[in-house]
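Everything on this sheet refers to the single structure shown next.
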Amino acid sequence: MKKLLVIIAMCLMMVACDSDESEMVCTYKKDDDKGKIVVRYEDDKIHYLHFSSEQYIEDDVLDEVGEKDFADYWKQNVESFHKEGISAEGTYDGKTRMGYIELELNLDQLKERNYSDFYLTENLSLKSFKKRVEDQLDYTCK
């Protein structure tokens, strides 16, 4: 059994090594807010995005939705992604006012979405995405 697991692991590594796909990680940290975006791409074209973000919800946002209703609002946002077939998780803690969301989108899902929602252009260019998240969101990408 142990040999079989080693063989499977080696095969998976070979498949991963043969892939032309690369990965870029973008991160953000300021006060209690933090975010991470993992981007998989080939050449300059994005195939996959994984967003995770934890942020303090400011007064103006709470005032717009209503503090008592904000947890439901946050939950509805997560559920709307689920309805579109997008993997999404999210929580809101009313005591700390911290909201967390995590999204995973593959190429087909990216093509079905409004690209600007995810700081993308229609051609799914890695360079364009990197510039937008660094300039507009203060992320650092490597």
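Quick note: the coordinates plus some simple rules give every number you see, no bench work behind them. What you see is a predicted model, and the numbers here were worked out from it, not measured in a lab. FYI the Cβ positions are ideal-geometry reconstructions off the backbone, even for glycines, and counts take in every protein chain you see.
Take the Cβ-Cβ distance between residue 108 and residue 137 as r, set R0 to 30 Å, and report the resulting FRET efficiency rounded to the nearest 0.05.
Once rounded, the FRET efficiency stands at 0.75.
In angstroms, what radius of gyration and Dmax does segment 20-141 have, counting Cα atoms only?
15.1, 48
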